[in-house]
1. What are the ³J(HN,Hα) values, in whole Hz, obtained from phi via the Karplus relation 6.51 cos²θ - 1.76 cosθ + 1.60 with θ = phi - 60°, for each residue of region 84-100 in sequence order, with x given for Gly and Pro?
2. By per-residue mean of other Cβ atoms within 10 Å, what is the highest-first order of 84-91, 67-74, 123-130?
3. Net charge near Ala260: determine it from the other residues with C-beta under 10 Å of the C-beta of Ala260, scoring Lys and Arg +1 and Asp and Glu -1.
4. For a quick check of understanding: with a 1.4 angstrom probe and all protein chains in place, what accessible area in square angstrom does Asp173 have, to the nearest ten?
5. Would you grab the residues whose amide H sits under 5 Å from the one on His90? Only those 5+ places off in sequence or on another chain, please, with H modelled 1.01 Å from N.
6. Taking the Cα centre of region 107-230 as the origin, how large is its charge dipole in debye, to the nearest 20, when only Lys and Arg (+1) and Asp and Glu (-1) carry charge on their Cβ atoms?
7. Given an 8 Å cut-off on Cα distances and at least 6 residues of separation, report the relative contact order of region 295-376 as a percent.
8. If the chain between Arg381 and Glu104 were fully stretched, how many nm would it gain, using 0.36 nm times the residue separation less the Cα-Cα distance?
Amino acid sequence: MEQYEPGRLTATPRRGPRGRPPALTRRSLLRASAGGVLAAGGLGSLTACGIPPAGTTRGGTATTDHSDREKVVDFSNWPEYIDVDASGRHRPTLETFTRRTGIEVAYTEDINDNDEFFGRIKPQLAAGQDIGRDIIVLTDWLAARVIRLGWAQKLDPENLPHAYTHLAAQFRDPQWDPGHAYSYPWQGVSTVIAYNKKALDGVEVTSFSDLLDKPALKGRVGVLSEMRDTVGMTLLDMGKDPERVTDDDYDAAIARLQKAVDKGQIRRFTGNDYTSDLSKGDLAACLAWGGDVVQLQADNPDIGYVVPDAGIVTSTDCLLVPAGARHKTNAERLIDFYYEPARAAALAAYTNYVSPVDGVKPHLAKIDTSAADNPLIVPDRTTAAKSHAFRSLSEKEAVAYEAKFAKLTGA
């Protein structure tokens, strides 16, 4: 097996100039607009546009695979969500894949928002047409919907030996795609509590309750405009499991957040823009995404984070082969390639998000020792055990839950 090539990657390349918040990256673009299913028309608009409601049908119509004679794979991803070299122009892992297999990768960074991208491709998917892409990366809640609609192709396990072997235990059996029959994680995103030591001025923060209840933090707390993250963390703090949330649980979490809003404890609901306020100390503590925290700590020694005993919410961005794709086998080979620990290490060193690949740590240590030892990138057993996903919602639930959250945030 081809090994990691020293010198091809710089150690944890920065995605924003030193001393400034990270540039608009995959998470920034997804989260900054309060995302969710109500954005860009959301779930409520899908049936109105002629898209059938989510049902129980799984797996797209079989499509002729042209992989044998067309040595190409079309891969659509988010900006700044793959490894690059020191110049920022090349993607070393893709080059390695092509050298090894002879398959050229047409790589496009054209996904800036789940709903917006889905709005562009859904007419073709609904019509059973090829969307011109063999791999797409969608966040788990939308990946679940695409699978339910029958618009993803079932993957061939024989083409995914590394993926099957090296998929980390905490990602193995999602509720919405048991056994990963249709998808595999690209990266995981953990929601933690971040804080600015100077701004805390001695106030101890160990739980989400501290953010919502401590008078010393009044008006200096930020929570996320992403419903699943903020409500999920609230549920965990209340002793409820977001993977089994009921309507009553959800309403109780909203009421708890509303109380904190009403008394002025929460300064605001934020997208990725919390990074600037946290660095400056305008926010003493906030909910934050792990990849951002890793980058902020490299620039600001006052930034710290807490993984509460109650747990954290972890979501995933997922690789799918859409129905109608011409190069399914080529796509599966590329998915499997990124489950070789050395390739996963190259990816994690750049993105700073959670690697879903077991065995990545020693390979990552060759690139960046601090990244290999960081549980926000390579979760230890304790962190993995505290990670919880927000369960897949039906269309009716998603619309109702997002409406209640939008009322809370004033969106």
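The values are calculated or read from the model by the stated rules, or taken from the named source; none is laboratory data. Just so it is clear, the model here is predicted, and its values are computed rather than measured. Cβ coordinates were reconstructed from backbone atoms using ideal geometry, including for glycine residues, and neighbour counts include every protein chain displayed. To get the accessible areas, we keep the full protein, side chains included, count just its heavy atoms, and leave off ligands, DNA and RNA. Shrake-Rupley method; radii C 1.70, N 1.55, O 1.52, S 1.80 Å.
1. My calculation for region 84-100 gives 9, 8, 4, 7, x, 9, 10, 10, x, 5, 5, 5, 5, 4, 5, 4, 6 Hz in order.
2. Going from most to least packed, we get 67-74, 123-130, 84-91.
3. Taking every Cβ under 10 Å from that of Ala260, the sum is +2.
4. We get 110 Å² for Asp173.
5. Long-range HN contacts for His90: Asp85.
6. Roughly 320 debye, rounded to the nearest 20.
7. Working: 49 pairs, mean separation 15.3, N = 82.
Averaging sequence separation for qualifying contacts and normalising by length gives 19 percent for region 295-376.
8. Working: separation 277, 0.36 × 277 = 99.72 nm, distance 3.77 nm.
Full extension from Arg381 to Glu104 adds 96.0 nm.
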